[in-house]
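Beneath this line is the structure, given in structure tokens, with notes to follow.
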Amino acid sequence: MSLGDYLRLLRARAGGTTPIEIEAATGLPRGSYRLMEQRYRTVGDEESIRLLADFYGAPVEELRWRMDWPRKALSHSLVAAMRQQRPITLYLWNGQTVTGMVKWWDLGAIGLVTEQGNLLVVQRHAAERWEPFVQAE
């Protein structure tokens, strides 16, 4: 799960606080929180991560490591797996691991064909990390 996806989850758990309210409470520059949530690439710096971790009561490292797993890198990894006709393994936030051939993907979900030939649909934001990892450009 990318940092942006995780921040959206934390914000929902906090009762739907608005990005503007979060920026006011943390001292982040106006518009920066929304960019962190919505960008497909890594956005943010160590100070922003620290401020948001304090705001949400989350460990800094829990937010920090997600900066290394942006949604753009997942897109690159899915494309590479399709082109190379190789399986991809997704490690999901709930502890499950799924592996399959990429049949299709879009901004919201991934269609994997399992070794047994079943189509499995996984929401993209559920993927914490994946293998093989292809770096976003």
Worksheet item: Hey, what's the chain come to in accessible area per residue, 1.4 Å probe, Å²?
Response: 56 Å²
Discussion item. Placing +1 on the Cβ of each Lys and Arg and -1 on the Cβ of each Asp and Glu in the chain, which of Y33, T97, G57 has its Cα farthest towards the positive end of the resulting dipole?
Written reply: T97
Fill in: CD proxy at 222 nm, helix term only [per DSSP H run n ≥ 4: -39500 (n - 2.57); per residue of the chain; nearest 500]
-11500 deg cm²/dmol
Response to the item:
Placing each pseudo-label 7 Å from Cα in the direction of the beta carbon, R83 and A25 end up separated by a distance in nanometres of 4.3 nm
Item to complete: Based on the mean of other Cβ atoms within 10 Å per residue, sort peptides 80-91, 104-115, 63-74 so the most packed one is first.
Response: 63-74, 80-91, 104-115
Worksheet item: So what's the angle, to the nearest 10 degrees on a 0 to 90 scale, between helix 3-13 and the longest Cα principal axis of the chain?
Response: 60 degrees
Item to complete: Treat every Asp and Glu Cβ in the stretch 8-137 as -1 and every Lys and Arg Cβ as +1, leave all other atoms uncharged, and give the resulting dipole magnitude about the Cα centre to the nearest 20 debye.
Response: 420 debye
Worksheet item: Which Cα, out of L119, F133, W69, lies furthest along the positive dipole direction of the chain (beta carbon charges, K/R +1, D/E -1)?
Response: L119
Item to complete: Please work out the FRET efficiency for the pair E47 and N94, using the Cβ-Cβ distance as r and a Förster radius of 41 Å; give the result to the nearest 0.05.
Response: 0.85
Item to complete: Mind checking the full-extension length gain between K72 and E115? Use 0.36 nm per residue of separation minus the Cα-Cα distance, one decimal, nm.
Response: 12.9 nm
Fill in: the chain, relative contact order in percent, only Cα pairs under 8 angstrom and at least six apart counted
24 percent
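The values are calculated or read from the model by the stated rules, or taken from the named source; none is laboratory data. Bear in mind the structure is a predicted one, so any value in this text is a computation, not a measurement. Because the Cβ atoms are built from the backbone with ideal geometry, glycine has one as well, and the counts that use them run over all protein chains shown. Accessible surface areas use protein heavy atoms only, side chains included; no ligands, DNA or RNA. Shrake-Rupley method; radii C 1.70, N 1.55, O 1.52, S 1.80 Å.
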